[in-house]
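Structure record follows, encoded as structure tokens.
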Amino acid sequence: QVHLVESGGGSVQPGGSLRLSCAASGTISGINAMGWYRQAPGDLREMVAAITTGGSTLYADSVKGRFSVSRDVAKTTVHLQMDTLNPEDTAVYYCNYKAGWDDYWGPGTQVTVSS
């Protein structure tokens, strides 16, 4: 079992920045991928960014050059630095952990970009 706790959501004006963090606890596999998905009202959940324990990263085209995903040295916390935010980035952001057949989700944190 893996438990995920997200933090760092909130409201920001267009062009601003936010940093999300997700701490994983429980039975953490030595090889895994952690990342962020988001879901706006009426839309499907979409992948935003992900990072493996080996350091490989993947980004949605819509956030490339604006968002950056990273992990701490212990590799149990993942961060999402979001810069140059725009109203289209408004959504609930969910942390995700994948390892083999395991697939866990955090409860989500709201990010609102509005003037």
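Return the only residue of V2, V111 being surrounded by 13 or more Cβ atoms within 10 Å (Cβ to Cβ), within 15 Å of the chain's Cα centre (by Cα) and β-branched (V, I, T). Answer to the selection: V111.
Suppose the filter is free of Cβ contacts under 8 Å to residues at least 12 places away in the same chain, buried (at least 17 other Cβ atoms within 10 Å of the Cβ), of a type outside the set (A, V, I, L, M, F, W, C) and out of contact with any His (no Cβ under 9 Å at 6 or more places or on another chain); does Y59 pass it? The answer is yes for Y59. If the condition is being assigned to a loop (DSSP other than H, G, I, E, B) and either over 22 Å from V2 (Cα atoms) or touching a residue at least 12 places away in the same chain (Cβ under 8 Å) (or both), then segment 67-112 contributes K75, T76, D83, T84, L85, N86, T90, G100, G106, P107, G108. Do we find that Y104 is aromatic (F, W, Y) and open to solvent by 40 Å² or more (accessible area, probe 1.4 Å) in this structure? Spelling it out, Y104 is indeed aromatic (F, W, Y) and open to solvent by 40 Å² or more (accessible area, probe 1.4 Å). Of all residues in segment 38-56, which are in contact (Cβ under 8 Å) with a residue 40 or more places away in the chain and open to solvent by less than 50 Å² (accessible area, probe 1.4 Å)? Hits for segment 38-56 are R38, A40, V48, A50. Within segment 16-28, the set of residues being of a type in the set (G, A, S), open to solvent by less than 50 Å² (accessible area, probe 1.4 Å) and within 20 Å of Y104 (Cβ to Cβ) comprises S21, A23, A24.
The values are calculated or read from the model by the stated rules, or taken from the named source; none is laboratory data. Just so you know, these numbers come straight off a predicted model, no measurement behind them. Using ideal geometry, Cβ is built from the backbone for each residue, glycine included, and neighbour counts are taken over all protein chains shown. Only protein heavy atoms, including side chains, enter the accessible area calculation; ligands, DNA and RNA are left aside. Shrake-Rupley method; radii C 1.70, N 1.55, O 1.52, S 1.80 Å.
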